[in-house]
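I have placed the structure first, in the form of structure tokens, so that the comments after it can refer back to it.
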Amino acid sequence: LTRVRGRLEQGTRLRVRVEWPGRRSALTLKARVVALETGREVRWRSRLLLLPGLLDGEHAFHLEWLAGGRATRLRQAARFTGLLAPFAGTGDRLETAKRGLEAMDAALKTVAERPGVAAMHPTPEWRA
């Protein structure tokens, strides 16, 4: 995930840009925010194919406050459902997706650990 655009409110639509490591093409998904708890959780769902139920995805970010609020652990999860979900992880797709998520984690960690980031206010658009 390299870019998320839209208002971060439950029920709103987001545009999520996915770039795969080692590939030139990118995918832009239309997602709907299905859960939002400020400071704790963001979750959205999207269709990866045209028709619902073929291959749908849900991406979640969970924040866990540590050390009396002086540190935060971010956990993210992706889950795929639908008729084609059992085949989505075949070949090199699963390993490529894993590398992409690890790269996103590293980039997010770098940004989050910059001095002054904790004092920033959330904006309607996130960028990696």
*asked:* What does the extension gain come out to for residue 24 and residue 106, with contour length at 0.36 nm per residue minus their alpha carbon separation?
replied: 27.5 nm
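At 0.36 nm per residue, and after removing the present C-alpha to C-alpha distance, how many nm does the segment from residue 50 to residue 2 gain when stretched out fully? Walk me through the numbers on the way to the answer.
Numbers: separation 48, 0.36 × 48 = 17.28 nm, distance 2.19 nm.
Full extension from residue 50 to residue 2 adds 15.1 nm.
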*Counted charge near residue 74, where neighbours are those whose Cβ lies closer than 9 Å (Asp, Glu -1; Lys, Arg +1)*: +1
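Between the DSSP loop rule and a limit of at most 10 other Cβ atoms within 10 Å, which chymotrypsin sites (Phe, Trp or Tyr not before Pro) in the stretch 1-105 are left? Spell out each step's value before the answer.
On the way: sites: 44, 61, 65, 80, 87; in loops: none.
Within the stretch 1-105, no chymotrypsin sites (Phe, Trp or Tyr not before Pro) qualify (loop, at most 10 other Cβ atoms within 10 Å).
With all protein chains present, how much of the accessible area of the chain (probe radius 1.4 Å) comes from carbon and sulfur, to the nearest whole percent?
Numbers: 5190 of 9200 Å².
The computed percentage sits at 56.
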*Compute the separation of the alpha-carbon centres of the stretch 12-46 and the stretch 60-83 and state it in Å as a whole number.*
14 Å
*Any idea how far apart residue 114 and residue 98 come out in nm if each label point goes 7 Å out from Cα toward Cβ?*
3.1 nm
_Surrounding net charge for residue 112, when Lys and Arg each add one and Asp and Glu each subtract one, Cβ distance under 12 Å_ = +1
*With axes computed from alpha carbons, what is the tilt in degrees of helix 93-112 against the longest principal axis of the chain, rounded to the nearest 10 within 0 to 90?*
20 degrees
*Return the Cα extents of the chain along principal axes one, two and three, sorted largest first, each rounded to a whole Å.*
44, 32, 25
_Pick from 95, 19, 41 the residue whose mean-square fluctuation is largest in a GNM of the chain, springs joining Cα atoms under 10 Å._
95
*Tally Lys and Arg at +1 and Asp and Glu at -1 over the other residues with C-beta under 13 Å from the C-beta of residue 58: what net charge comes out?*
+3
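Which value, in Å², gives the accessible area per residue of the stretch 1-96 when a 1.4 Å probe is used on the protein heavy atoms? Write out the running numbers ahead of the final one.
Details: 6560 Å² over 96 residues.
About 68 Å² of surface per residue is accessible.
The values are calculated or read from the model by the stated rules, or taken from the named source; none is laboratory data. Since this is a predicted model, take the numbers as computed values, not measurements. In this analysis, Cβ positions are derived from the backbone assuming ideal geometry, glycine residues included, and neighbour counts consider all displayed protein chains. For accessibility, only protein heavy atoms count, side chains too; no ligands or nucleic acids. Shrake-Rupley method; radii C 1.70, N 1.55, O 1.52, S 1.80 Å.
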